[in-house]
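Step one of this worksheet: look at the structure below.
Where a number appears in this text, it was derived from the coordinates with a stated rule and is not lab data. From a predicted model like this one, the values you see are computed outputs, not experimental measurements. All Cβ positions, glycine included, derive from the backbone under ideal geometry; neighbour counts span all protein chains shown.
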Amino acid sequence: MYELVVLSGKGGTGKTSLVGAFSALAQGKVLCDADVDAADLHLLLTPRKILRHDFRAGHKAVIDSQRCTGCGECVERCRFGAVSGRFVVDGLQCEGCGVCVHFCPAGAIDFPENLCGEWYISETRFGPMVHARLGIAEENSGKLVSLVRKEARHMAEDMGLQGILTDGPPGIGCPVIASLGGASAVLIVAEPTVSGLHDLDRVARLARHFQVPVSVCVNKADLHGETARAIEGLCRERGYDFAGHLPFDPAFTRAQVEGKTIIEDDDGPGRRAVTEVWEHLRKSLQGA
Ligand code: SF4
Ligand code: SF4
C-alpha cells in the first residue's frame, strides 16, 4: 500500500487543489487531510461525516474554589502567569506543566486532559476520508497529524484499498515532520519564485532526512518561466524526481468556488497538466 503526502514550502501554493484533483483521478484510496491547522480539503470534497471523535491532548489546570484555601502557592509557582490573584487559571495561558498541581497543599487543582479538537471519518464522492478540526489557538497539531494518518492507514487496510492520498501541512515544522514518517513518497508543490525555490529545497531536504523519496511539481509555472526552469534544474542537481509544470489556469479557482476539483471542470490546460502529473506519480507509486 502506498501513501503519497503532498507538501509545500508555504501555504497557498495550490497543494490542496492538487490533492483534490488527484482524489478524482486515483482509484481505490483513502483521502487524508493532515493539514490540520488549516484544513480545507473538505471545501472541495464536501465530505459527509459518518463518525466524529474528540481529540484530546495535553492538560490544563483547573482550581476548585471549594477546596482552595487561598495560600497563593500556585500563583507563586506558575512561571507562565496563568493563575490570577483570585486563584483562577487562565486556560489560554496555562501551558499544562503541572507544577501548580504538584505543589498545591490542599490538592485543590484538577488536571483534566485538554479537548483540542475533533477528527472525523467521512464519505466523499471519491471515497472515504479521514480529516480533523483543531480548535482555535490549540497546539498539538503534530499529534493530530499522526492520528489522522494512522486512522487513514487502518481504514485502507481494513477496506483492502491500494493507497492513501494525504494533504500535508505547509512548511517544515512539527506537523510536517509528523506527516513524513512511513510515507512512500512526497510531492512538493512549488511556486516559480526565488523564495519558492528555497522553500521547496528545505522541505525536500527534510523528506530526504526521513528517507522519503521526493517528487516536485511547479504550480503556475508560466507566471515566471525562468524560475520554473531553475526549479527543474535544482531537482536534477539534487536528484529529486521532477513531476512536471502546471500552468496558471483560472479553471482552478472556478472549480474551487463551485466546490469541485479541476478534473470535474472543463478539459483545459490545468486539467490536462494535473492529469499528466498524476500519471507520472502513479507509475512511481506502483513501484513503491
Ligand atoms: S496552591 Fe492550591 S490551595 Fe493554594 S491558592 Fe493555589 S489552588 Fe488554592
Ligand atoms: S499547569 Fe503549569 S502553566 Fe498551568 S497553571 Fe499550573 S503551573 Fe501554570
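If you stretched the chain out fully between Arg254 and Glu276, how much longer would it get, using 0.36 nm times the residue separation minus the C-alpha to C-alpha distance?
This chain segment gains 5.9 nm when fully extended.
Can you list the aspartates and glutamates whose alpha carbon is less than 20 Å from that of Lys283, not counting same-chain residues fewer than 8 positions off? List returned: Glu3, Asp167, Glu232, Asp241. Considering only Gly28, Gly171, Gly91, the mean-square fluctuation computed in a Gaussian network model of the chain, springs between alpha carbons under 10 angstrom, is largest for Gly91.
Dipole magnitude for region 201-288: computed about the Cα centre from +1 point charges on Lys and Arg Cβ and -1 point charges on Asp and Glu Cβ, it is near 460 debye. Placing dummy labels 7 Å off each Cα toward the beta-carbon, the span from Lys10 to Asp64 is 5.0 nm. Of Ser65, Ser122, the sequence from fewest to most neighbouring Cβ atoms within 10 angstrom is Ser65, Ser122.
Explain nothing, just the number: relative contact order of the chain, from Cα pairs under 8 Å at least 6 residues apart, as a whole percent.
Once divided by the residue count of the chain, the mean separation gives 26 percent.
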